[in-house]
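Here is the structure we will look at.
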Amino acid sequence: SATALAKLYSMIQHYASDEVDINEIKYQLIMILEGLLKDTVPMVLGSALLAYNAICPSEYQYIHTHYKKICHLVCDMNEWTQAVILEVLTRYCRYMFNNPKGAANPNSRILILILRMRCYTRRRISIF
């Protein structure tokens, strides 16, 4: 159903007329998406994050409460979903976490967070 949300949003953007309020429809889709993000099944959560990336990729308040759950379940998702989720988590980390003082590379903090994420999971992430 999350995949259908992303497809519906792209169709609404493409075929919308003047009398349709795209922002209202987007808000309704995001409300459904928030319900899907609460799920703990890796396939549902992965599809919900793919839809999130298509509908509202820069609105981080929707994944903020689910960040730790996403980090723990990313290893149970398929490889294609992992790649997109790591992209979403990278953007989230760049936006939400400060660059530590003394870090030569701004991506080093993100790399540390991803390596910590690997340590907390039981299985190895297959894209590394």
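The values are calculated or read from the model by the stated rules, or taken from the named source; none is laboratory data. The model shown is predicted, which means the values in this text are computed figures rather than measured ones. We place every Cβ from the backbone using ideal geometry, glycine too, and count neighbours over all the protein chains shown. Side chains included, ligands, DNA and RNA excluded: accessible areas come from the protein's heavy atoms. Shrake-Rupley method; radii C 1.70, N 1.55, O 1.52, S 1.80 Å.
Key figures
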| read-out | value |
| --- | --- |
| Per-residue SASA entry for residue 29, accessible area with 1.4 Å probe, Å² rounded to 10 | 10 |
| Solvent accessible area, Å² - residue 20, 1.4 Å probe, full protein context | 60 |
| Loop-located chymotrypsin sites (Phe, Trp or Tyr not before Pro) in the range 1-105 whose Cβ has at most 12 other Cβ within 10 Å (DSSP) | 97 |
| Whole-Å semi-axes of the range 1-63's equivalent ellipsoid (Cα gyration tensor) | 22, 11, 9 |
| Estimated vicinal HN-Hα couplings, Hz - the range 6-16 in sequence order (Karplus 6.51, -1.76, 1.60; Gly, Pro = x) | 5, 5, 4, 5, 5, 5, 5, 5, 6, 10, 5 |
| Residue order for 38, 26 - accessible surface, 1.4 angstrom probe, largest first | 38, 26 |
| Sites residue 40 and residue 13 - FRET efficiency at Förster radius 30 Å, r taken between beta-carbons, to 0.05 | 0.45 |
| The range 1-39: GluC sites (Glu not before Pro) in DSSP loop, at most 10 other beta carbons within 10 Å | 19 |
| Rounded accessible area of residue 66 (nearest 10 Å², 1.4 Å probe) | 20 |
| Calculated FRET efficiency for the pair residue 90/residue 4, C-beta based, R₀ 25 Å, to 0.05 | 0.45 |
| Heavy-atom SASA rank of 32, 85, 22 (probe 1.4 Å, accessible area, largest first) | 32, 22, 85 |
